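To keep things clear, I will list the structure first and then write my remarks on it.
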């Protein structure tokens, strides 16, 4: 009897243990399933419009917003995918300041950043993405991004500062209507003064220190003023430069000082 009691007790203990083990395994399975669900490999948002590429994918090699040439980045290799911030390196078109994508875009190395882990339509995803050009002075700015779930852009741009005029040092001249974005007026005037803008009045590109600059052709060829844009990363500025007026034949070796009324009308188109 005692043996049966002991045996019975032993069987109950094993039965209880088996039940507990089964419950534990089931709980472990549920926990694993839950963990797997939470830690599933995130995607880059979702396909938010016809023609886009890379969205809704894991570690996409190409991201294409289905716009002009500057709306895509290719040959991306990723690191840290699945962590809080994934970083990719690829190729994209960078545009000279003030120029259009049609004539001012050049291929350059780009860094892609995907961040803001969350859920897009119930699927684990990075909800924000951007790319920038470190070799052109760009840095990562989390205020500038595309929402990978809706396709909406952040619409961030630094405020504009009206900075007046500045004297150009070499070649000599005067810059007007200086507008600065992402830097102070004092710094903008210093950069403009040091630029060789007067030597680049015919829609040419040049470097001024660490800044990339380009001149837009005037609406009427050979007429003032030329509009310049200089930029590096977020810091950008625009200004105008008036061509120097002369009197006498266009090929005159020495410019003759013009009367005030004439200065307003006569410009050296060959400058």
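Since every read-out is calculated from the coordinates, none of them should be taken as a lab result. Since this is a predicted model, take the numbers as computed values, not measurements. Positions of Cβ are backbone-derived with ideal geometry, glycine not excepted, and every protein chain shown enters the neighbour counts.
Annotation: peptides 112-122, 227-237, 89-99, ranked by per-residue average of other Cβ atoms within 10 Å with the highest first, follow the order 227-237, 89-99, 112-122.
Starting from the Cα of residue 53, step 7 Å along the direction of its Cβ; do the same at residue 176; then give the gap between the two resulting points in nm. Each label point lies 7 Å from its Cα, and together they span 4.8 nm.
The relative contact order of segment 43-147 comes to 19 percent, based on Cα pairs under 8 Å that sit 6 or more residues apart. Of all DSSP bridge pairs formed entirely within segment 43-147, close to 95 percent run antiparallel. In terms of surrounding Cβ atoms within a 10 Å radius of their Cβ, 181, 55 rank from fewest to most as 181, 55.
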